[in-house]
1. Around residue 110, with a cut-off of 13 angstrom between Cβ atoms, what is the net charge of the other residues, counting Lys and Arg +1 and Asp and Glu -1?
2. Hey, what angle do you get for helix 85-100 against the long axis of the chain, alpha-carbon based, 0 to 90 degrees rounded to 10?
3. Work out from phi, with θ = phi - 60° and the Karplus expression 6.51 cos²θ - 1.76 cosθ + 1.60, the ³J(HN,Hα) of each residue of segment 110-115, listed in order in whole Hz, and give x for Gly and Pro.
4. Solvent-accessible area per residue for segment 46-167 at a 1.4 Å probe radius, Å²?
5. What nm value, rounded to one decimal, do you get for the distance between residue 26 and residue 49 when each label is placed 7 Å out toward the C-beta?
6. For every other residue with a beta carbon closer than 14 angstrom to the beta carbon of residue 72, add +1 if it is Lys or Arg and -1 if Asp or Glu, then tell me the sum.
7. Distances longer than 27 Å among the Cα atoms of the chain: what percent of all pairs is that?
8. Out of residues 5 or more away from residue 146 or on other chains, whose amide H comes under 5 Å of its own, with H placed 1.01 Å from N in the peptide plane?
Amino acid sequence: TCRPTAPVASIRLARWRLVLGALVVYLSDPDRTFSQDELDLLRGIADQAAQSIQNARLRQEVNRHLSELTTIYTAAQQLIRLQTPETLAQTVISIMEESIGYDYGALLLLEEGGDRLLPFALSAQGQDEEFVVQDKAYILEHAPQLGRGITGWVAQTGQSVCLGDVR
């Protein structure tokens, strides 16, 4: 157990001017002090730890980007084989469900010559085709329109939005 009066060495963990934290070492003997060799060793350990931590973080970031690119590549390969816009849209929805793991997705298209957003492809959410048909009818009933509500605003302005709660 370390006492508040125990000798302590705290060495900064930093890599490329990015501070990652600190390596803290306590001595249990309050009468002992750190030698210069011990401090040099701790600095070397801190430097190696910082490098390892930074490398692990970079590896995670690379893996995340690789996963995203793999998803895009998979989607592109499947999209090449598709014949109709409807099949294309439904495949995009399915790929996003599988790779991103979201709960619901919909592709709404602006009505030709109008301002309504019409359901084109929807998540089946593990349900049958009848569910999708009913969901499309529900969306049509609530008549999303260009410039109205979140979806209408996004369609009108071209700006994306991400909200935690749409109530």
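1. Values: positive: 116, 148; negative: 111, 112, 115.
My count for the surroundings of residue 110 gives -1.
2. 20
3. Taking θ as phi minus 60°, the curve returns 6, 4, 4, x, x, 10 Hz for segment 110-115.
4. Working: 8810 Å² over 122 residues.
Ligands and nucleic acids excluded, the result is 72 Å² per residue.
5. Inter-label distance under the simple model: 1.5 nm.
6. Values: positive: 64; negative: 68, 98.
Every neighbour counted, the sum reads -1.
7. Working: 7618 of 13861 pairs.
Here the tail beyond 27 Å accounts for 55 percent of pairs.
8. Under 5 Å from the amide H of residue 146: 116, 117.
The values are calculated or read from the model by the stated rules, or taken from the named source; none is laboratory data. Keep in mind it's a predicted model, so treat the numbers as computed, not measured. Cβ coordinates were reconstructed from backbone atoms using ideal geometry, including for glycine residues, and neighbour counts include every protein chain displayed. Accessible surface is based on the protein model in full, side chains and every heavy atom, while ligands, DNA and RNA are left aside. Shrake-Rupley method; radii C 1.70, N 1.55, O 1.52, S 1.80 Å.
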